[in-house]
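Here is the structure we will look at, set down as structure tokens.
Read-outs: derived from the displayed coordinates by stated rules, not from any lab. Since we're looking at a predicted model, the values are computed, not measured. Here the Cβ positions follow ideal geometry from the backbone for every residue, glycine too, while neighbour counts run over all protein chains shown.
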Amino acid sequence: MTPPRTLAILSYHKIGVGPGGWDTWYYVSEAIFEKQLAWLRDDGWQAIDCAAFLRGLREPESLPKRGLLLTFDDGYRTMRTVAMPILQRFAMPAIVFVPTAFIGGMNTFDAGNEPDEPIAGWDDLRALEQGGVSVQSHAVSHPAFSKLTPARMEEELCASKLALESGLGKPVDVFAFPYGDGGVNPEQTTELLRKTGYAAACLYGGGPVTLPASDPYRLTRLAMGPDTDLAAALGDV
Ligand SMILES: [Zn+2]
């Protein structure tokens, strides 16, 4: 019998320090990020890339016993300048979820709640792709799905996928719900994700996933901040 496969999907936002002297829980300093990655490596978690993740959803036995999928929401420019070099040093691939209306702009969807920060431009996204960080969709306008009509949801799913696929010349198969908001009607949301060609979608928060996943369109992710206790969340797996 094949042993069960566990996939820990970690959800980060920003690596480094905030601009202009303030930051929030969504910032993880470089030193703490490195410590977290070292703990994961030493505890036997093997980072997989987006292709291995997609294959693993269909064929769990293709994954390591303890799989690790590192994800980053919102696509800040610091993904390229701060996070990617560290990921490369640890030889760990990752996924970044980008809201396409903000590519090359600022994080105005977070105005007032988070420091103003530039979002990666197309050159940054291409460099991330080449550097082992797969660029996937975080909708167009970073909306809360529970506030959208089905038609608007479909538009957000479809247009963001198209923009990334034509801008980067590669398939986009994974979606991360902005604010982890999977909509008021999960079945309807899943149907729209299928219809628009996605293979998986991620919520925000929750524990590791046991494969085969009960619902690949509502995958839980560990919310990562500077004080997240990985040993408590994963130590017993
Ligand atoms: Zn987001």
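Distance cut-off 27 Å, Cα to Cα: go down the list Lys65/Lys195; Lys14/Lys170; Lys14/Lys35; Lys65/Lys161; Lys65/Lys170; Lys35/Lys147 and report the pairs above it. With Cα atoms farther than 27 Å apart: Lys65/Lys195; Lys65/Lys161; Lys65/Lys170; Lys35/Lys147.
Using the Karplus relation 6.51 cos²θ - 1.76 cosθ + 1.60 with θ = phi - 60°, the per-residue 3J(HN,Hα) values for segment 146-156 come to 5, 9, 9, 6, x, 5, 5, 4, 4, 4, 4 Hz, with x marking Gly and Pro. Under the criterion of Cα pairs below 8 Å and six or more residues apart, the relative contact order for segment 5-232 equals 24 percent. Here the scattering of segment 5-232 is modelled by Debye summation over its C-alpha atoms, one equal scatterer each and no solvent; at q = 0.08, 0.12, 0.15 Å⁻¹ the log10 of I(q)/I(0) is -0.25, -0.60, -0.98.
The fewest-to-most ranking of His142, His13 by surrounding Cβ atoms within 10 Å reads His142, His13. Could you work out [θ]222 nm for the chain from helices alone, using -39500 (n - 2.57) per DSSP H run of at least four and dividing by all its residues? Round to the nearest 500 deg cm²/dmol. Mean residue ellipticity at 222 nm (helix-derived): -9000 deg cm²/dmol.
In order along segment 41-56, the phi-based Karplus estimate (6.51 cos²θ - 1.76 cosθ + 1.60, θ = phi - 60°) of 3J(HN,Hα) comes to 4, 5, 8, x, 8, 9, 5, 10, 8, 4, 5, 5, 4, 5, 5, x Hz; Gly and Pro are listed as x. Its Cα gyration tensor gives segment 93-199 an equivalent ellipsoid, and the semi-axes of that ellipsoid, as √(5λ) in whole Å with the largest first, are 22, 18, 11.
Considering only Arg126, Arg194, Arg66, the mean-square fluctuation computed in a Gaussian network model of the chain, springs between alpha carbons under 10 angstrom, is largest for Arg194.
Assuming 0.36 nm per residue, please report the length gained on full extension of the stretch Phe90 to Ala232 beyond their Cα-Cα distance. All intermediate terms of the calculation are to be shown ahead of the outcome.
Details: separation 142, 0.36 × 142 = 51.12 nm, distance 2.25 nm.
Extra length available between Phe90 and Ala232 comes to 48.9 nm.
Separation of segment 1-35 from segment 131-150 is 19 Å, based on Cα centroids.
Go through Pro178, Gly67, Ser146 and say which Cα lies farthest out towards the positive end of the charge dipole of segment 5-232; charges sit on Cβ, +1 for Lys and Arg, -1 for Asp and Glu. Highest projection toward the positive end goes to Gly67. Amide H to amide H, with H built 1.01 Å from N, Ser29 comes under 5 Å of Gly16, counting only residues 5 or more places away or on other chains.
Taking 0.36 nm per residue of separation and subtracting the Cα-Cα distance, what length does fully extending Ala151 through Asp42 add? Before the final figure, lay out each step's value.
Numbers: separation 109, 0.36 × 109 = 39.24 nm, distance 4.60 nm.
Between Ala151 and Asp42, full extension yields an extra 34.6 nm.
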